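Worksheet: the structure to be examined is printed underneath.
Values in this text are rule-based calculations from the coordinates and carry no lab data. Computed from a prediction, not measured in an experiment: that's the story for all the values here. Using ideal geometry, Cβ is built from the backbone for each residue, glycine included, and neighbour counts are taken over all protein chains shown.
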């Protein structure tokens, strides 16, 4: 843990992320000041113990701007002017345009250190905030060459105080990374889900879990995503062009296979596409950037009656097993009787013994 | 329930689907005969109670071919010749090419009635089979104009005996539907995951749940998918071309927004893309083709210590609540302390009362 931040930290914007940061700071013993143009949101944040409203005469040492992307640059510049000694940072999911715009609006390049915590929930607002939202998460910090070293250190201390891990990236590097792992996938999900709008009822009703997973993020609020995609337009377009190229090569191969089922170059293209997919998927990390931890999955077939899940978890709890994860298997979108319990491999024998001893139908 | 199938049913191919069908038939009191060139797979199926091995002199009234797509046409033709009075069906996920090829190889057009049960698991093989795999699932049946009505009825009886719902489609209609809801999504998932192969470690490590969901199906065995995509090449290429067109329009809009952040037609394109995504996603059904049932989600924040899940489910079980589904929220791919419990709306008050009475931190 870095040395303490010291003095009060001002959180501008008491949404999900801002309020969660304030809660983490309070947990770390740091005074948090809150500001939000929406009085109701501010009240919820204050009532949840995230801090007290900013008052005249307050002098924060650090200002965290946690507002929607389209307002971030202006608010950064205003806060930089209002608190001329404070370190200024933000949490916006796009960095190049936001930081550039803030600088053109007059934000101080010595004190403005951009950031982006990789955390979120499917719900938003102060009421959804959690003290542990940032725990063990990666928090990208994007220092500028002009930044004073003390201001960069201050933002890294903020990250540590919130329980997160700082990862340093350049602005363009960050934006290319989120285009790859978040923004281009969102466009794909929307384009795929959009195909269902005009589809026959009979076609849609046979959809299964694969399509459900692929289109989940397409259900997000369009307004926020128009902002995000617009603010990161270049990198997202670059990423999409790479994907379009691969899809076009696949279409050519499929047309060849439609004519001759044994077309070898066409089969090789499909093999390349699918093989790269397997290899790429395997690179996605488990917890905060570590390699996926080895985990044992125990599948249990439950009878479909009330209380069976309770009986299962009680049996495991009595055996002193901590679950790393629990998966309810879904078939065609509905839960089935199979529950997958992920545990550390060393806990496997104990768990299997405990469940079999209670008469559970353990499948693996 | 339709009248009984009668006489023995032969299952050719004791993989996941074939063995599960045999188990369902046994449950319904129908004699199941099993055949598989892999002696070990056949032994596992027999040992699990799915039926007995086919013997000389057996005369099945119905033959279900449950083999990989690349073998399906030949096996259908061979079985049609071997049992000249039996109804012949299959479970292959592509219909037009398989049925056409089987007919050119000599399968009897009066008795060959194609089918495709919409069920599966992420694991394969006889050992993964489940007696309830087909329960309440849609099972597409694709009759031919030449089919004898009794043979179509026989396949519909098979579907009912397995606990599934028959849905009648034409061959081309089925193939277009699975291209839309399954095969094109698979290609997108692979193309996206493939972008990660050459990506910087720092880029990949910030991946979150969205990318994880979008690339899950890309981890499937390439060999099976080369077969599937090749056998349904035309409809998949058609579907991909529709998606490519939308992605290309999005790239044009993003390039315009990169030049002028306030380009109105470009913003309108993004709005159209994202809005259609929301509308399309909402069409995906809940249980077996019904409109999504109204459901109440209760979010509970658990302390991170052993036994908390057990305590939660015990409290709910004592209140007599049956869960429709349980979701463990994941942030950046790891389970968090939030558990979402989906119940029928009318059970909500009872559940909330029970959980709050036990001191749980209920969030909604």
Dimensionless Rg/Rh of segment A:174-239, both radii on Cα and Rh by Kirkwood, sits at 1.05
Evaluated at 10 °C and 1.306 mPa s, the Stokes-Einstein D of the protein assembly as shown based on the Kirkwood radius over Cα pairs, in µm²/s, stands at 57 µm²/s
Per-residue average of other protein chain Cβ atoms inside 10 Å, peptide B:338-349 -> 1
Between residue B:55 and residue B:224, the FRET efficiency computed from the C-beta separation at R0 = 35 Å comes out, to the nearest 0.05, as 0.70
Output row for residue A:81: copy-to-copy label distances, label 7 Å along Cα→C-beta, ascending, in nanometres, one decimal, is 8.7
Final fewest-first order of B:151, B:260 on the 10 Å Cβ neighbour count is B:260, B:151
Using the Kirkwood radius over Cα pairs of segment B:94-197, the Stokes-Einstein translational diffusion coefficient at 20 °C and 1.002 mPa s, in µm²/s and rounded to a whole number, is 139 µm²/s
One finds, for residue B:248 and residue B:282 with R0 = 35 angstrom and r their Cβ-Cβ distance, a FRET efficiency to the nearest 0.05 of 0.90
One point scatterer per Cα, no solvent, Debye formula: log10 I(q)/I(0) for chain B at q = 0.13 Å⁻¹ comes out as -1.15
Exposure-ranked with fewest Cβ neighbours within 10 Å first, A:189, B:267 stand as B:267, A:189
At q = 0.21 Å⁻¹, the log10 of I(q)/I(0) for segment A:107-265 from a Debye sum over equal Cα scatterers comes to -1.41
Between residue A:105 and residue A:127, Cβ-based FRET efficiency (R0 30 Å, step 0.05) works out to 0.45
Output ordering of B:77-83, A:79-85 (per-residue mean of other Cβ within 10 Å, highest first) is B:77-83, A:79-85
Rg/Rh of segment B:160-203 (Cα atoms, Kirkwood Rh), to two decimals, equals 1.31
So the pair-distance distribution of segment A:241-286, from every Cα-Cα distance in 10 Å bins, comes to percents of 27, 45, 22, 6, 0
Distance in Å, no decimals, from the C-alpha centre of segment B:216-288 to the one of segment B:147-215 is 15 Å
One decimal, nm, nearest first: from residue A:318 to the same residue in each other copy, label points 7 Å out along Cα→Cβ, the values are 1.6
Dividing the surface of the Cα convex hull of segment B:21-144 by four yields a projected area in nm² of 7.5 nm²
The alpha-carbon center of segment A:1-64 and that of segment A:67-129 are separated, in whole Å, by 15 Å
If one builds a Gaussian network model of chain B from Cα atoms under 10 Å apart, the most fluctuating residue listed among B:325, B:108, B:56 is B:56
Copies of residue A:109 compared via label points 7 Å along Cα→Cβ give distances in nm, shortest first, of 7.7
Between the Cα axis of helix B:348-357 and the main Cα principal axis of chain B, the angle (0 to 90°, nearest 10) is 60 degrees
GNM of chain A, Cα pairs under 10 angstrom: of A:68, A:235, A:222, the biggest fluctuation goes to A:222
Heads up, segment B:208-261 by the C-alpha gyration tensor (a ≥ b ≥ c square roots of eigenvalues; a/c under 1.5 rounded, else a/b over b/c prolate, else oblate) looks oblate
Ranked from fewest to most other Cβ atoms within 10 Å of their own Cβ, A:250, A:168 fall in the order A:168, A:250
Note to self, chain A gives a 222 nm [θ] from helices alone (DSSP H runs n ≥ 4, -39500 (n - 2.57) apiece, / all residues, nearest 500) of -14000 deg cm²/dmol
Within the set B:265, B:185, B:166, GNM on chain B using Cα springs under 10 Å gives the largest fluctuation to B:265
